[in-house]
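Colleague: Supplied in structure tokens, the structure appears directly below.
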Amino acid sequence: MKTELKSRILIWSVILLALLNISTIATIVVSNRANPSDSESIIIDPESSPLNGRYLREELNFDHQQVEIFRDESREFRQSANRVIEKLNRYKSLLFDEIHSESPDRLKTKEYSDSIGRAHSQLKEITVDFYLEIRKCCTGDQAAKLEKIFAPLFRDNPQMRGAGQGHGRRR
């Protein structure tokens with residue numbers, strides 16, 4: 001009798017866990033379909049909300065047409081930016097490997113450094129183009145809010161200051 005009770009409890013536990021897993025998976029699938037703009041998010045500032053159609057609809061009162069323009073432009077921006085970021089990461093990796101080789105080649109390190117700079121410049125240009133395209137569809141008030149959203153990409157980054165800028169360790 002005791003063995004039969006344990007078996008039943010075990011069977012019902014397995015069924016309960018299977019149902020729980022199915023409902024969790026279903027919730028994730030439904031949630032992803034209901035919020036397609038989340039996959040179209042662009043992170044501008046790690047401290048702020050990701051930039052996506054829903055965010056712009058809420059923060060800038062974008063209408064449906066403006067959200068569609070954003071989605072089209074952001075898709076193109078992400079594809080272009082990702083290609084440049086891959087290139088940038090490849091050059092960084094090559095530079096890192098070269099400076100840690102037994103006898104680093106200074107011509108190669110200069111070439112990789114220059115390539116990193118060019119890729120970074122390309123990324124800024126792609127970002128500028130994206131910003132200008134989005135701004136075109138904005139009203140005056142929306143454009144002012146959009147400027148604040150994009151400001152971290154074009155402003156001074158205090159964490160990137162060098163020595164002697166008053167931001168070093170204090171003793």
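The values are calculated or read from the model by the stated rules, or taken from the named source; none is laboratory data. This structure is a prediction, so every number in the text was calculated from the model and none was measured. All Cβ positions, glycine included, derive from the backbone under ideal geometry; neighbour counts span all protein chains shown.
Colleague: Just one of (1) of a type in the set (Gly, Ala, Ser); (2) modelled with pLDDT under 75; (3) assigned to a helix (DSSP H, G or I); (4) in contact with an Asp or Glu (Cβ under 9 Å, 6 or more places away or on another chain) trips up Ser49, so point out which.
Modeller: Against the list (1) of a type in the set (Gly, Ala, Ser); (2) modelled with pLDDT under 75; (3) assigned to a helix (DSSP H, G or I); (4) in contact with an Asp or Glu (Cβ under 9 Å, 6 or more places away or on another chain), Ser49 comes up short only on (3).
Colleague: Which pairs do you get when a residue that is under 17 Å from Lys148 (Cα atoms) and touching a residue at least 40 places away in the same chain (Cβ under 8 Å), found in the range 110-134, comes within reach of a residue that is β-branched (Val, Ile, Thr) and in a helix (DSSP H, G or I), reach meaning Cβ atoms under 8 angstrom, with the pair 6+ apart or on two chains?
Modeller: So the pair list comes out as Glu133/Ile69; Ile134/Ile69.
Colleague: Here's something else I'd like to know. Show me the helices (runs of 4 or more DSSP H) entirely contained within the range 53-147 in which 3 or more residues are aromatic (Phe, Trp, Tyr).
Modeller: On the way: elements: 53-59, 64-99, 106-136.
Output list reads 64-99, 106-136.
Colleague: Would you point out which residue out of Arg33, Arg57 is under 21 Å from Ile134 (Cα atoms), modelled with pLDDT under 85, within 29 Å of the chain's Cα centre (by Cα) and of a type in the set (Lys, Arg)? Talk me through it step by step, then tell me what you get.
Modeller: On the way: Arg33 fails: under 21 Å from Ile134 (Cα atoms).
After applying the criteria, what remains is Arg57.
Colleague: A further question on this structure: Just to be sure, is Ile126 within 30 Å of Phe62 (Cα to Cα) and touching a strand residue (DSSP E or B) at 6+ places or on another chain (Cβ under 9 Å)?
Modeller: Numbers: within 30 Å of Phe62 (Cα to Cα): yes; touching a strand residue (DSSP E or B) at 6+ places or on another chain (Cβ under 9 Å): no.
No.
Colleague: Another question about this same structure. Between residues in the range 72-100 that are of a type in the set (Asp, Glu) and residues that are assigned to a loop (DSSP other than H, G, I, E, B), which pairs lie under 7 Å by C-beta distance while being six or more apart or on different chains?
Modeller: That search, which allows pairs on different chains as well, returns Glu98/Pro104; Glu98/Asp105.
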